[in-house]
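Just so it is clear, none of the values below were taken in a lab; they were calculated from the coordinates. Worth saying up front: this structure is predicted, and the values here are computed from it rather than measured. As a convention, Cβ positions derive from the backbone with ideal geometry for all residues, glycine included, and neighbour counts pool all protein chains shown.
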Amino acid sequence: MAEPETSSLNAAPAQAGGPAAAGGELRDAAGRRIRYLRVSLTDRCNFRCLYCMPPEGVVKLPHEAMLRLEELARVVGVIVEDLGVSKVRVTGGEPLVRRGALDFLRALGALPGIADLALTTNGYLLAGLADEARRAGVQRVNISLDTLRPERFRRYTGVDGLARVLRGIDAATAAGFAPIKLNTVVFRDNLDEAAELLRFALARGLEIRFIELMPSQRALDDQFVSAEELRRALAEEFALTPAGAEGAGGQSGSARLYRLDGGGVCGFIAPVTEPFCASCDRLRLRGDGRLVPCLSSDEGFDVRPFARPDFRRRELIDYIRAAVGRSKGCAPGRRHIRAMYRIGG
């Protein structure tokens with residue numbers, strides 16, 4: 001189920017000059033410092049989740065439109081070592097379906113500027129790859145899990161794969177990732193499982209993040225459940241005490257955290273009803289070389305001309321700094337996300 005890769009990742013990213021050499025911090029037009037990069041390795045996925053993929057399927061980007069993994073790793077190296085971004089999360093689509101994904105993770109794990117290397121996955125392939133990903137330098141992993149019921153899982157994802165995902169969660173625990181977070185998109189159809197999913201996470205020492213449904217390719221507005229409604233539902237069984245925002249102290253975080261009596265933490269990510277735009281410090285790099293500052297914006301900046309046929313590091317640094325510096329970032333009032341499978345969240 002892995003995606004073909006035309007060339008292997010044989011070389012680490014080129015040597016960097018360091019943040020000081022490039023002029024310091026990366027900031028957008030609103031003055032927000034960019035510290036967090038999400039890298040979408042591929043727009044391909046082995047699932048067809050209801051809220052992500054359109055019902056008619058997707059037109060996948062051709063392989064020749066994608067940056068090779070060594071090119072993508074060099075671009076990440078510039079953003080980390082020359083532009084001061086310290087947190088990197090590898091996403092998809094499903095990142096582990098791209099051939100060479102582990103080599104890519106190793107290349108990023110070798111970058112001295114990365115303080116936090118994380119992976120988001122649907123967990124289907126994780127059981128066989130968790131140990132290698134941990135040795136590659138991945139510190140944290142987020143695993144998507146919207147239901148614990150096999151038939152419902154099949155309906156949501158198009159795959160009879162719940163047992164494999166649960167094995168992937170166990171493998172991630174055994175590999176020593178910390179923390180392990182479950183990403184649970186909540187909608188009307190699975191609201192009745194929220195308490196069960198929270199108990200599942202607490203029993204295994206996992207941290208669950210309940211995520212509001214973001215409008216995308218499918219008309220699911222009638223399925224929307226706000227974070228506040230979900231908190232009220234959970235409060236019937238759990239005592240939830242606000243614990244502030246995730247990532248306090250200048251680090252990236254989009255979740256509002258709550259402590260539970262008896263131990264444990266859960267979080268609520270509410271981009272629709274409790275937007276966190278003012279504190280957002282994210283930049284997204286798609287596998288085709290497109291830099292995207294905001295999920296709800298049409299803005300995007302193409303770095304491919306600086307990555308091929310020759311890698312032009314100095315020009316790339318200047319281009320990214322200028323592009324992000326004039327980026328308007330958020331698109332107030334716009335909620336529709338056109339291609340979540342291509343951006344990686």
- Message: Sort 280-286, 105-111, 221-227 by packing, meaning the average of other beta carbons within 10 Å per residue, with the highest value first.
- Response: 280-286, 105-111, 221-227
- Task: Specify which residue in the list Gly24, Ala172, Leu102 is farthest towards the positive end of the charge dipole of segment 20-343, using unit charges on the beta carbon of Lys, Arg (+1) and Asp, Glu (-1), about the Cα centre.
- Result: Gly24
- Rg (Å, one decimal) plus Dmax (Å, integer) for the alpha carbons of segment 20-343? 19.1, 59
- If you count, for each residue, the other Cβ atoms within 10 Å and average over each peptide, how do 163-169, 261-267 line up from highest to lowest? 163-169, 261-267
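Please give me the summed charge of the neighbours of Asn190: other residues whose Cβ is under 11 Å from its Cβ, Lys and Arg +1, Asp and Glu -1.
-1
Nearest 0.05, what FRET efficiency do Ser226 and Arg152 give at R0 = 22 Å with Cβ-Cβ as r?
0.55
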- Which residues' amide hydrogens lie under 5 Å from the amide hydrogen of Arg89, considering only partners 5 or more residues apart or on another chain, with H built in the peptide plane? Leu37, Arg38, Val39, Ala118
- Would you please give the residues with an amide H less than 5 Å from that of Cys45, counting only those at least 5 places away or on a separate chain, with H modeled from the backbone geometry? Glu94
- Query: Could you give the nm distance between label points at Val272 and Glu196, where each point is 7 Å from its Cα heading toward the beta carbon?
  - Reply: 2.3 nm
- Message: Let me spell out the model: positive unit charges on the Cβ of Lys and Arg, negative unit charges on the Cβ of Asp and Glu, origin at the Cα centre of segment 62-188. What dipole size does that give, in debye rounded to 20?
- Response: 500 debye
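Does segment 169-292 come out rounded, prolate or oblate by the C-alpha gyration tensor, with a ≥ b ≥ c the root eigenvalues, rounded set by a/c under 1.5 and, if not, prolate when a/b is larger than b/c and oblate if not?
Rounded, since a/c falls under 1.5.
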- Note on the structure: Relative contact order as a percentage, segment 187-231, C-alpha pairs under 8 Å and 6+ apart, gives 52 percent
- Note on the structure: In terms of the alpha carbon gyration tensor, root eigenvalues a ≥ b ≥ c, rounded if a/c is under 1.5 and otherwise prolate when a/b exceeds b/c or oblate, segment 97-197 is prolate
